[in-house]
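Step one of this worksheet: look at the structure below.
None of the figures in this text is laboratory data; all of them are computed from the coordinates on show. Because the structure is predicted, anything quoted here is derived from the model rather than measured. Cβ placement follows ideal geometry from the backbone for every residue including glycine, while neighbour counts extend to all protein chains displayed.
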Amino acid sequence: MLSIRNIVKQYAGHRALSDVSLEVESGKIFGLLGPNGAGKTSLIRIITQITAPDSGEIYFNGQKLDQSHIDKMGYLPEERGLYKKMEIGEQMIYLARLKGLSRDEAIRRLKIWFQKLGMETWWKMKIEELSKGMQQKAQFVATVLHEPDLLILDEPFTGFDPVNAEIIKDEILELNRKGATILFSTHRMESVEELCHSIALLDKSKKILDGSIRDIKNTYRNNVYLIEYEGEKVNFNGSAPFELIEENKDEENRHTIRIKLNVGATSNDVLQYLIPKTRINMLQEVIPTMNEIFIEKVNQIA
Amino acid sequence: MNKVLLIIQREYFTRVRKKSFIIMIFVVPALILVMTLVIALVAMNSNQLTEQQIVKVLDESGVFAGKFHDVKNIKFESSTQSLTAAKEDCKKNENLSALQIPAEYNKKDAVNIYAKKKPEFALTIEIEKQMNDIAISNGMLKNHIDTAVVHSIKSDISLNSIEITDAGDKKSNIVANIGVGIACAIFIYISLLIYGSQVMRGVIEEKTSRIIEVIISSVKPFQLMLGKIIGVGLVGLTQFFAWIILSVIATKIAGAALSAPKGTMLNIISVLSTIPFGHIMGLFIFYFLTGYLLYSALFAAVGSAVDSETETQQFMFPVTMPLLFTYILSVSILFQAPNSALAVWLSIIPLTAPVAMMIRIPFGVPGWQLALSMSLMILGFLFTTYVAARIYRVGILMYGKKTSFKELSKWFFYKE
């Protein structure tokens, strides 16, 4: 869908992107992660052709990116905004027409969306009369109305209350099911783990990690398990197939331990070792979060 | 290109549908109507405006008594009262004044007029004129010059100004020319500022509401800037045409309603007919459009460089300077010498031409100067649009930075 090759972008005082390459697969949800200032927005602005890279190329469905691809993208910028004094309906039609929809088609689709999201009564209202959350909803509709092949969402959930965030999330997933490729950008790494198929991590203008979430997590799993048991405290000796990292006990005599498997051992070995000794409530593999992976990766580089 | 049309449409209709726009369309011609009515009334009834004035002439010289002649609303009465008695009378009657002429009336500051109110300018002028005439006639008679000769010498001169043109001599009215020139210059100056700052406000609005990023992910920044400039310009033209049509109707109605005496109206019409309105109107539209395109591009660049309207000051000053400078010169000096070197140069340099040329047009401008000025206007707006677009495309995405001129020039050289 989107092939980003060796993008470099230099601003007056600093380098925003140094030699960033990414592949976004068609029909997938792709997360662009990284702390503030990592270069996410710079990269997005290059994809949406708001700015041009100093060097490097972008291919959209195999073609070199140009003006003709603009109508195939929908972009929700991090800083949201609409014309404050324009009526919602008219404004949505205008934005859709700028993306190449006809007036009639825009109206037809708007009616469907407004009904779907409970916005029917907003048609004649002005943006300044809406709450922040309502404005966000309207802006989301404006972004997706022309049914873009590639949907670029910069921090899509900020500004929504939990209920609306859930609604928007469902809409995004549905658009994805219908075939839209989605490119997310966020600095809240935990928030997209459940949504994304693949991610790329940016830090200080460089890509430091990318791939499918599953692959990344497999790479970074480190055989750490969390176990809870009840009863007397068990003393582990050298015969245990693991190494004890941490041990806790609560008032109801439940013990929680964090362990790291010895090389070659499996979770089954652990259970076999523990079952004769105590009553096990829970055994769970501890998979590092994207945040932890990010911090580990950054530390590795530094 | 289709997208630019959409932007033009939006910019145009959101402004034209505003209540303030519709109100302005009617308010301005209404003002013109009222002004025309007032001027016509004043012209027709000027002699009724002031009440009848009576001047008591206390003549100690014996030269003037009985020789004053009454005019429109001034009546002269010879009196033998003492000055104190006359002054008492004047205290009681506002429209009475006492003219005291001592025997040695020729000395400086010898003649006095007493009245309860400050005597009107027209009254003193009239008295001075009559006294001078009488004194001169008296002097001539004393020197044995025949009264018949004196009368034949007396003259009443007013100048007719006649232009020599290829089509033959043309009578022109200097006052009317100056009036039309100044009116056009003021109008173009105000219009450029009003519509230029509308463009600037539009840019700032898009920037502060942050919709700019959404729009320029659909269109190129240059298309947006161009669409906005053209849209607002069309609003300006719409307003002009509406005003012209309504004003013509309004003055027609006013003229009919007044059923003005034929003499006065004919006089006004004959003066107005010496002014080539079609020619002036055409050039006005040209200079408005090119001047507007030139300045609004600069205004757009200023708007893109700031985060709010309060920050525009430092950039507005250099942008509006040439306009203000020419405007002040035009209404104070240039109209007196429309063909001076200063006026010619100002009417050729694109930044100052829209205002300066308006002053010169009613007096006639040589063809080559007009052609040079007009071609430079076109080159000028192409140039400012190019420069402004390069600053604009960077500026609209910059937030939170205090911008300096140095910064602006850096933006100009940025790559895409």
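What to note about this one:
- Counting only other chain Cβ atoms within 10 Å of each residue's Cβ, the peptide A:47-54 averages 4.
- Neighbourhood charge, 11 Å Cβ-Cβ cut-off, centred on residue B:54 and excluding it, Lys, Arg +1 and Asp, Glu -1: -3
- Taking the longest Cα principal axis of chain B as reference, the axis of helix B:19-44 is set at about 20 degrees.
- Averaged over peptide B:4-15, the number of partner chain Cβ atoms lying within 10 Å of each residue's Cβ comes to 2.
- Ordering B:412, B:192, B:334 by Cα displacement along the dipole of the protein assembly as shown toward the positive end leaves B:334 in first place; charges were set at the Cβ atoms of Lys, Arg (+1) and Asp, Glu (-1).
- Coordinate range along principal axes, alpha carbons of chain B, Å, largest first: 94, 53, 46
- Reachable lysines, given that their alpha-carbon falls under 26 Å from the alpha-carbon of residue A:260 and they are not under 8 places away in the same chain: A:217, A:233, A:249, A:277, A:297
- Normalised by the number of residues in the stretch B:51-148, the average gap of Cα pairs under 8 Å and 6 or more apart makes the relative contact order 28 percent.
- Fraction of antiparallel bridges per DSSP, chain B only, in percent to nearest 5: 50 percent
- Semi-axis lengths, Å, the protein assembly as shown, gyration tensor of Cα atoms, sqrt of 5 times eigenvalues: 87, 28, 24
- For chain A, adding -39500 (n - 2.57) for each run of n ≥ 4 DSSP H residues and dividing by the number of residues yields -9000 deg cm²/dmol at 222 nm.
- Cβ-placed point charges (K, R +1; D, E -1), dipole of chain A about Cα centre in debye, nearest 20: 900 debye
- Signed unit charges on C-beta, dipole axis of the stretch A:176-261, positive-most listed residue A:185, A:222, A:236: A:185
- Sorted by Cβ neighbour density within 10 Å, fewest at the top, the residues A:234, A:163: A:163, A:234
- Between the stretch B:172-232 and the stretch B:44-121, the alpha-carbon centres lie 58 Å apart.
- Take each residue of peptide A:74-86, count the partner chain Cβ atoms within 10 Å of its Cβ, and average: the result is 5.
- Calculated log₁₀ intensity ratio I(q)/I(0) where the Debye formula runs over C-alpha points of chain A, q = 0.07, 0.11, 0.15, 0.16 Å⁻¹: -0.39, -0.78, -1.12, -1.22
- Furthest towards positive pole of dipole, B:119, B:71, B:137, structure part the stretch B:51-148, Cβ charges: B:119
- Whole-Hz couplings from phi, Karplus 6.51/-1.76/1.60, listed for the stretch B:92-106; x for Gly and Pro: 7, 10, 5, 8, 10, 9, 10, 9, 9, 10, x, 4, 9, 5, 6
- The stretch B:51-148, dipole about Cα centre (Lys/Arg Cβ +1, Asp/Glu Cβ -1), debye to the nearest 20: 240 debye
- Under the combined filter of DSSP loop state and at most 16 neighbouring Cβ atoms within 10 Å, the stretch A:227-302 retains these GluC sites (Glu not before Pro): A:232, A:251, A:252.
- For residue B:401, the lysines whose Cα falls under 24 Å of its own Cα, not counting residues fewer than eight places away in the same chain, are A:9, A:40, A:84, A:204, B:207, B:220, B:410, B:415.
- For the protein assembly as shown, a crude dipole built from +1 on the beta carbon of Lys and Arg and -1 on the beta carbon of Asp and Glu, taken about the Cα centre, is about 1340 debye to the nearest 20.
- Each principal axis of the Cα cloud of the stretch B:51-148 was taken in turn, and the coordinate range along them, longest first, works out to 44, 27, 22 Å.
- Report summary: the helix-based calculation at 222 nm, which adds -39500 (n - 2.57) for every DSSP H run with n ≥ 4 and divides by the residues of chain B, gives -22000 deg cm²/dmol.
- Cross-link partners of residue B:107 among aspartates and glutamates (Cα-Cα below 20 Å; sequence separation of 8 or more within a chain): B:59, B:60, B:126, B:128, B:133
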